[in-house]
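For reference, the structure discussed in these notes is given below.
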Amino acid sequence: MSTSPNLPEDDEAWTTLLRSWSPGPPEPRPYFFTRLQARLEAQQPQPPALPTWLRRSVYAFSAVALVLVLNADTTLSAVR
């Protein structure tokens with residue numbers, strides 16, 4: 001392996017050398033944010049299928065119905 005005389009020896013010199021080669025943070029393409037904003041404005045929010053208050057009540061009713069069905073099954077099997 002050959003040793004080049006122009007390479008730095010300490011870590012700070014290496015860090016300085018590597019930072020000097022860095023091109024900096026990448027820049028977005030021109031008008032990127034304008035196109036992004038136009039795309040977001042073009043998307044219409046979809047209204048939910050059911051209102052929130054109705055969805056909550058449907059979930060609650062489903063949970064109660066499930067509990068009743070499971071309890072009815074165990075009650076009927078105990079009677080037989």
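Numbers below:
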item: Cα centroid separation, segment 6-33 to segment 42-70 (Å); result: 54
item: Largest-first ordering by accessible area, 1.4 Å probe, given options Leu50, Leu68; result: Leu68, Leu50
item: Label-point separation in nm, Asp10 to Leu50, each point 7 Å along Cα→Cβ; result: 7.1
item: Whole-Hz couplings from phi, Karplus 6.51/-1.76/1.60, listed for segment 23-30; x for Gly and Pro; result: x, x, x, x, 9, x, 4, x
item: Rounded, prolate or oblate (a/c below 1.5 giving rounded, otherwise prolate when a/b exceeds b/c) for segment 3-54 by Cα gyration tensor; result: prolate
item: Note, ³J(HN,Hα) from phi for segment 58-67, Karplus 6.51, -1.76, 1.60, rounded to Hz, x at Gly and Pro; result: 5, 4, 5, 4, 5, 5, 5, 4, 5, 4
item: Prolate/oblate/rounded label for segment 16-80 (Cα gyration tensor, a/c 1.5); result: oblate
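The values are calculated or read from the model by the stated rules, or taken from the named source; none is laboratory data. As the structure is a computational prediction, the values presented were derived from the model and not from experiment. Every residue, glycine among them, receives a Cβ derived from its backbone with ideal geometry; neighbour counts consider all protein chains shown. Remember, those area values only see protein heavy atoms, side chains included, never the ligands or the DNA or RNA. Shrake-Rupley method; radii C 1.70, N 1.55, O 1.52, S 1.80 Å.
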